[in-house]
Every structure is written in structure tokens, then in C-alpha cells.
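A.B. asks: After the C-alpha cells below, expect a handful of questions from me.
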Amino acid sequence: MNMRANGTIHFGVMDKTKTSYKHGEIIGIPIEDKEIFQDALDYIENGFPTQHSDARKCIKPPKFIPVIDKDIQTQNWIVEVDVVPMVNIVRDKLYGARIPKFNEKTNKVEYEQKAYYQRVGPNTPRVTEDELVSFIQALKDLDQKREQEENNQNQAQAHFKEDLERKLLVLLTRGKKYMDNTLRYILVTNRFDQENLQNIKFLVQMNIFCVFDYDPDSKSSGLCHNYKEHHAVNLHFLRDYDHRENTVDFIKKLQLFDRTSWIFCNGRSDYKGGESPCDEKTWIKTKKKLLKRAVSVICNEILPKGSFVVLFILTSDVEQPLVDTFHEFYAEMSGHEDIVIISESRENYKKWSSLAQVSCSLDILEQISVVGMPMSHIDATIQVHQLTSHQDGCLPVSNNGVCFIKSVDMERMNSLEVVCVDQCDETNVNVMGQEQIQKIEQYFYQGGKIDWVNLWLADRNQCGEVIRRDAYAEINKMLEDLERSDSLKRSIENINIYHEPGSGGSTVARQIIWNWRKKMRCAVVKQSYQATTVSEHAVQLWNYKEIDKNPCLPVLLLLEDCNADYQHDLRRELSNAVTTMKISPSKLCFIILCCKRSLDPERMCKTLPLRTVGVTHKLSPAEKKLFSKKAGSLKLTFEPEFILTFVLMSKEFEQSYITGFVENLLKEIDHSSLQTQLIKFVALLNSHIENSYLSVSHCEAFLGLRIHLDKFDKTAKPSTSTWINEVRHQTFENSLSEQARYFFIQLKSSETHISSVRIIHHLIAKEILKQLSSYQSQSEIAMSLLQDKGLFDHRFGRDDFRKFVRDLFIKRTKKSKGDPNDSWFSPLIEHVREKEDVEKAIDLLKLAYTRFDEDAFVAQQLARLLNENKNFEEAEIWAKRAKSHLPQHTYILDTLGQVYKKWFYSKHDAIYERNADIQPEDITDIIDTALKGITAFRESEKCPQSQMVCLNNSYFGEVDIGCRLLELLSNVDIFSTKEGKRELMDYLLTDYIPEEVQKPWQRISLLRKRRS
């Protein structure tokens, strides 16, 4: 106080004493009752007999900071007491103090004579009588200096307050000028009072993934109750996140990407199922471990780093569990990046920061915190910068009007993406800006799927018109015919679009949905849901707010890249629903617009020519003019790398153009770089596996990228160097080589908004592999991919990655699914065995078997390949290995039968090539192989899940082996005569065994009796 300087007294931090501890080492002290330290302030009056009022104002209440030491069982604390001598309190005053000392003899506290003290470095000596006059004279300068420092601090705080809007926006958007749905938010909060609940509109309009809510009354009267009026939510507890199933199944079970997940971290007052609220100590014992698990699952398995922001809103008194949540996120996210704290109350924040600084420093906490801004200001400030405002949608109705549909009702139909009449009308173009509009266009012309906002902007001339291919007019006419036809006999109709990849078929389908949304009720089906659920939601959409069901408008459902079984199941479920509702069978209720990729669309059109449209790379003369003109205008606006897919499309994916394009890019490529290896991996996947991709998270792990946040320069002046300029992200995009930037397109899932990459077109991917084959063959690339432990161990997106790589080795092409041919093996294995070496294909499958945890189907494919290569002994080993994993699988048992069948054929043909009489002992081994084959085929036929195709193969295999075996037996020397033939019949049909075969066929005869 005499030095006019802030200071802090620490209890539990070692000073310069003669101990084994270092100066400043944190030890902590055990505290049973914190009130003792509070009461200690009462001694101020005795220590400052005439100036105790000033002392109380300058000496702040103690703070208690827990010491974390896993080696000590008891809880120790640091006690921190701040001294803040404000100039308006201490001006022109010299403070003397009486130091208390405990007298052990009298067992009393005694006080020394009043003395004046000064701070000299780490010591506090008395001011001597000789120094006293000069010390008092120096107080005036100290007062002036203190006053100047306080004024500077106040000015800095005032300036900082003026900048809170910018700070808030940058923290919540990671540096963007507006808030959209590209980022997800995790909200962590406690009890909201009624006043604050009036200021949550900004939360309603945010893309909230989940809420960690510590208010047990939230569902009945708090934030959850108010939020549910606008959005559907899934109600969870921490225990729900302690899962053991794979991530994909877990996400589906909890519907994590369909609705906001509301996690009640301290139970619910209104819940009767054993999740009652508890005190801090009980919470630590029963729920802290579950909190750790939940945070870990979300950060490491569900949401990739950089795709979400964790927002702490401190609206009531801070308790330890809320701070523990901060510690857990801080640990799992490897730091404070993408964590934001909002606290209207400075007192709440002060308590929060004292507890939270166990994880990170106060300076860092201040960088990521917005403190003292009223919730009403927060609400208004964020809403101004939100790209869309929350509002209900509109649906067309049978009387040519519209009806409102609540957002919460649409979210409850979570298997459908409902496309409303006023879709995107809530978008604020002024907030979006021209730069973002160009990015939306760029994403589409680079090869991304068209977004509804793209079509909305085009309708309003905010961006260029989207070309309609000729197929659009064909489908439009089909719909018009269905709409006005009076002779309909079916309540459910199908229209099919088969399109070559990259030909714009999916764009045509979405243009149809967009332009029919005012005439019919339209939706896109989310195929992660079962057909029964989709049907239920489609019926709800069909009759939503319609009084009479008979005149209801049809529902137009878009199915993208679904398999035939799913389409059939959906049609059946819809048909059952129509029947149940007793709707006239001639009333059109649902139209399924099925859009599928195919490498031969024209052939697929021949199956249902009246209701099928093909979209190919070949352009009509009219389309060529449109594409040529559009390409010219795009080149004036975008860099060449951003419109490559469109340029390729305008060139009809001509092979010579593709070859030249890839060749030109690969000229200067560094074959030893990680970026080049990444290009090869993605090209390999995209060449052979439809709709495959690699998550950006996997790419970053492979390239060794990390996101960095530089420390705030505390010495910089606020006016010239704000903290915002210190944020620097090493993004995935700017780490890529020039070739990778041209070849890759970064995609985002429409459901999860998770980023992934693929080659801009599968024909480009094939050409990359072709031209790089002289440096690294496809088998070598595949081998490197299988051996990359980092990619396979990377937790985020692991299920999809493993599926795509596994499909490389086992997924075959089929004409029935739109492929140009029926392949005998997966396209990769076909290529390696035909263009490289069959032994390399065998080695690949062996490594894949190990990599995929001894996968039965990989073993099956290896058995088939060995069998095809006439390596029957090893084929038998691998077929049996597959059977050991799945002993009741019809296809695997059939494969084992096929191995024995071909092996039998080989032995059968070899015995005839000798041109010698066949003796019984010559064919013992051949008969044994034949009987094993018949047994395997019979087991396949008896499997409960046998499919017709496999059954036919097994029946044919059994009969074929039997016929050839009979023919072989009839040519054995003892059975070759007319009399011998009768003897053979007796042998086969009775217990009779000829003497000549009793010894050589002893074991076979026993097997024959069992199999007969």
C-alpha cells in the first residue's frame, strides 16, 4: 500500500527458507475450513489501528486454488490474497502497521510497535527514521504514477469494451464476418434466470450440436424448456455417452446429427428414472468419470477438431462441475482454441477464472472470454451477424394456398430434409456478402453437390444461372403428365435418373425438387433411416395441416444413390400406409424420384423407358452452346483450378483432354512428398470405390498438420495490435501442393458438415494412377495404404475409412447395379492380377486380412483368387479359415465348395490325360475331394440366410460334381464293363462293396454311406 503497487500474498508457495523446496515451488496447504481465512481479515483492525477502513478496501478476500497432485491423497490448496491500493483510497497517506506475533508463554497474540514498511524486491524492510522524510516526499510521485496507470488501464478497458462485438464475433466464427452452419456449437451452461431466458434467440438460430446443461430444472422451466419451443431435441444423460458399439451405430442410436442433444449433466428434477440432482461431492464420485468419457467421445470420435466451438455461458454461480467440464474440453482439444466463455457477471467470471486457471493461464482465459456484456447485448450483437434468422417454413396446400410448418415439426420428421416453398428466404444476403456468394458458386463448379441456397441465389440474380440439362425437361414433362392425368391407377409412382458420375445428374434431380416445391410437397430422403421410418414421416408430410386427405398434394421424394432393395422397401411401406389410410388406389400420393450413378445409363434406361432418364457426359448441340458460353463467363470470375470439373464437363470428359490435363499437372510433381502420396491414396479409393473419400482429419493426421494459435503479445498497445491479429491457422488447404489443390475438391456432408476430400472426378483419379504407374504401381500404393498405421489408428472417421479401404479388396462390380460388367474380383484385385502380377494380388489380400482383424470375407476373396490361380492347397486353407470365422454363411461355404469342385476337375482331367486304365487306388484322392465339395455345397444350401443366386450355384456345383464323379467311377477298370456297371450301381445304392475296392476305398466307403 505504501508502494502504490498491486501485490499478491500466497500461502502454500515456498519462499526463501532453509528447506529442500525451491523458491516459488507450489506445495499447497490442507484446509478444513475456508471460513478461518475469511475471519482472519478481522485482524486488520488490530494491525491498522487508525487506518483499518483503508486496509479492508485494499486487501481483497482470499481465493482458494486447488493443487492437483496425483501422488497425494489429501486435497491441498493455494490461498491467494490480492492487495490493490487504488489511488483514491491511498492518496497522500503513509500507512503504518503493527505486526502480530504469538506469545507461546502467555498463549496470546501480541502486537509490535507501529512501524512503516516498504517493498524492496522480494523483501519488506522497515522504513528507518533516516529514510522517513525522503520516503514521505516520494509518495507524491508514487501517487501520480499510480493515478496515471489507473487512467491508462481504464482507457484500455474502455477501448476493449468498444471492441467486444468484434471479439465475440471472431471467437464464435473462427474469424469470419458472419455466423452460418459451417461450424457446430457445443454449449455448456448452468441455470438461466427468467430475464436471461428472454435473450436466447441467438442460441435458437445457432447450429447447436449438443448442450451440457447443469441446471436440473432446465427441461421444466429453464433453457431447455424455452429452446424446445423452437427445435426438437434429444434428451440425454452423461451415461448415454459411455458406449461400446462402433461410432456409426452409436451416432444412429442417439440421432446425434439430426437434433440437438441435450445432456443433463447433473440429472433432472422431473425425471423418475434414477437421475436425480446431487451435490458437488456426490457428483464427483458418480458422474465426473462419465463426463470425461462423454467429452472424449465427442472430441475424438464424432466431431473433428476445427469443426466446432465450445461455448461456456456463465449465467449463475459457478460450481466445480462446470469448471471440470472446461478442464476436460481443454485437455481433449489440446488447448484453448475454439473455446469461448461468456459471462455477464464479473463476479462469476472472477470465481470461474480462479478455478479454471488450473488448466490455463489468466492471460489466455481473458483472450477467449467476453466479460461484462449484458445477455441482451450478446443476443442482439450475434443476431446481427447470423446468416439466417429462425422462422417457420411454408408448404403448398391442395387449395393452391400455403400453410406454415413449424421448424420443430420438420425436425421431428428427421428422416426427411423438407424443402419448403420459402426455402432459404430467411437468408440475409447483406450479411453473406459477395465473397461468400462466389464461394458457394465456386464449390459447385469445382464439383461439389449443389446447395439449395445456390438455386435460391440464382433465382434472385445474385449469382449466375445454373444450366439445365436436357434431362430436366424430360423429367419435368413426366411430372406434369403424372400431375394432370385422370387415368392414374397407382398411388405411388417412380421416376428414375441414371447418370454417369460428374455428368450433372444429381444437379438435375435437385433442380426438379427446387422448381416443384411450390406445386408438391418435396423432401430429400436420408437413407441412414429405415424405410419404415421414412414412410411414417412422408405420410406426416403428405397430410400436414390438410383437413381432407383425398385432395392432398403428392409428396415428391428424392432418393440419391440408393440400392434397389431400399427403393423397393420404401415403395412397399408407402403402399401399406396408403392402404391403411383407405386412400383410393388411383389417387397419386407419392412420387419417388430415384437418382443413381451408373457407368452405362443408356442401358439402364431400356428397362423402364417411360419412367427413366439417362444423363451422360455427352452433350447435345444445344447443351454444348450453353456450356461453352457458361465456361467463358466463369473464366472471367474464377481461377482455373476452381472450375475444372465444369470445364471437363463442357469438354464431355474427352479422354485426350483428361490425359493432357493430368500430364501437365504431374510434370513438376515431387514424387517423394507426403502430398503426392496423399493424392495417390485418394486417387486409388476414388478410382475403384463409388462415393469414397478421405476425411480432412485423416489428411491432416497423414500430413502431420496441427492448428496453432500464437500467444497474445502482452506488450503490444491495444490500439495498434489487438489480440485478433495473433490468430493464425495453418489450414489444410494452404498446406497442399499446387497439384493437390487442382486435383482435390473438399466436400462437406449435408448432414454432419464434416469435411472430406476426393479427386474432382473418378476419370481424373484413374488417369492419375495410370500416369504415375511407372513410379508406383497400384499394388504398391495399396500396400502402402494398408501399412499406414497412423491412418488406420486415427480415431475420427475411422469406420468410414476402414469401410472404403476394405471395399477396395472385396467389393465387385455388378451390371444389375449399373456397372458396365460383372467382375470376378474387386476392380483393384482384377487390375493387379491382370496388369501386374497375381502374386502381388495374393500378397495384398493377405495383408488386408491381417489389417482388417482376420476378416472372413477377405479370406474368402483370397481363397477364390488362389482357386482361380489353381493353387488349390492354399485355397482350401483360406476357405476353411473364412469358414472358421463365419461357419453358417452361405457364400463362404459355397466358396469352399467351389475350391473343391475346381480341384476335383483338375484331378479328374489329369487322370484322363494319362491314357491308361484307371485302377481303384488311382482315384482315391479324387473321390475324397469330390465328396468334400458335395458336403460343402450341401452345407451352403442348408444355411438359414441362403440367397437364390448362391443356392443356384451350390445346387449346380453339387450336381456337376456328382455327374462327373459317376462318369469317373464308371471308367474305373472293374466297373468299365457291362457287368461292372451293374456292380457299380449295387455299390452306390446298397451296402455291397466289391472286393477290389474294399481296401483302397475303405475310408471313402464310410464317407459315402454318411453322405448318401
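A.B. asks: Which log10 I(q)/I(0) values, to two decimals, does segment 283-433 give at q = 0.09, 0.11, 0.12, 0.18 Å⁻¹ under the Debye formula with one point per Cα?
C.D. replies: Each listed q maps to, in turn, -0.45, -0.64, -0.74, -1.13.
A.B. asks: Taking square-rooted eigenvalues a ≥ b ≥ c of the alpha carbon gyration tensor, is segment 221-347 rounded, prolate or oblate, where a/c under 1.5 means rounded and, failing that, a/b exceeding b/c means prolate?
C.D. replies: Note, shape of segment 221-347 comes out rounded.
A.B. asks: Where the centroid of each part is defined by its Cα atoms, how far is segment 489-527 from segment 793-867 in Å?
C.D. replies: 33 Å
A.B. asks: Would you please give the residues with an amide H less than 5 Å from that of Trp77, counting only those at least 5 places away or on a separate chain, with H modeled from the backbone geometry?
C.D. replies: For Trp77, whose amide H was placed from the backbone, the distant partners under 5 Å are Ile29, Ile31, Val67.
A.B. asks: Relative to the first principal axis of the alpha-carbon coordinates of the chain, what is the inclination of helix 655-666, with its axis defined by its Cα atoms, in degrees from 0 to 90 and to the nearest 10?
C.D. replies: Helix 655-666 and the main axis of the chain meet at about 40 degrees.
A.B. asks: Please calculate the 1.4 Å probe accessible area of Ser359, with all protein chains present, and give it to the nearest 10 Å².
C.D. replies: Here the residue's solvent-accessible area equals roughly 40 Å².
A.B. asks: Determine the gain in length on full extension of the stretch His568-Tyr992; use 0.36 nm per residue of separation and subtract their C-alpha separation, reporting nm with one decimal.
C.D. replies: 147.1 nm
A.B. asks: Which percent, to the nearest 5, of DSSP beta bridges fully inside the chain are antiparallel?
C.D. replies: 40 percent
A.B. asks: Looking at the chain, identify the longest residue range that excludes and avoids all GluC sites (Glu not before Pro) in DSSP loops having at most 14 other Cβ atoms within 10 Å.
C.D. replies: Segment 246-464 is the longest.
A.B. asks: Calculate how steeply helix 762-771 sits against the longest principal axis of the alpha-carbon atoms of the chain, using the helix alpha-carbon long axis, and give the answer as 0 to 90 degrees to the nearest 10.
C.D. replies: Between helix and principal axis, roughly 80 degrees.
A.B. asks: How much accessible area per residue does the chain have, in Å², with a 1.4 Å probe?
C.D. replies: So the chain comes to 49 Å² accessible per residue, rounded to a whole number.
A.B. asks: Report, by chain and number, residues whose modeled amide H sits under 5 Å from the one on Thr612, excluding near sequence neighbours (fewer than 5 apart, same chain).
C.D. replies: Those lying under 5 Å, H to H, from Thr612 are Asn496.
A.B. asks: Along segment 289-295, what does the Karplus equation 6.51 cos²θ - 1.76 cosθ + 1.60 (θ = phi - 60°) give for ³J(HN,Hα), rounded to whole Hz, x for Gly and Pro?
C.D. replies: 5, 5, 4, 4, 5, 4, 5
A.B. asks: For segment 43-121 and segment 339-364, compute the distance between their C-alpha centroids and round to whole Å.
C.D. replies: When both Cα centres are located, 25 Å separates them.
A.B. asks: Moving on. For the chain, with all protein chains present and a 1.4 Å probe, just round the carbon and sulfur fraction of the accessible area to a whole percent.
C.D. replies: 49 percent
A.B. asks: Here are labelled values, (i) 33; (ii) 28; (iii) 12, and one is the computed percent of Cα pairs over 56 Å apart for what I pasted. Which one?
C.D. replies: Comparing each candidate, only (i) matches the computed number.
A.B. asks: On a 0 to 90° scale, report how tilted helix 948-970 is relative to the longest principal axis of the chain, with both axes built from alpha carbons and the result rounded to the nearest 10.
C.D. replies: Roughly 40 degrees between the two axes.
A.B. asks: Using a 1.4 Å probe, how large is the accessible area of Tyr992, given in Å² and rounded to the nearest 10?
C.D. replies: Answer for Tyr992: close to 90 Å² accessible.
A.B. asks: Can you tell me the Rg and the Dmax, both Å, for the Cα atoms in segment 468-560?
C.D. replies: 14.1, 43
The values are calculated or read from the model by the stated rules, or taken from the named source; none is laboratory data. These numbers come from a predicted model, not from an experiment. Methodologically, a virtual Cβ is constructed for each residue, glycine included, from the backbone with ideal geometry; neighbour enumeration extends over all protein chains shown. Keep in mind that these areas ignore ligands, DNA and RNA; they rest on the heavy atoms of the full protein, side chains included. Shrake-Rupley method; radii C 1.70, N 1.55, O 1.52, S 1.80 Å.
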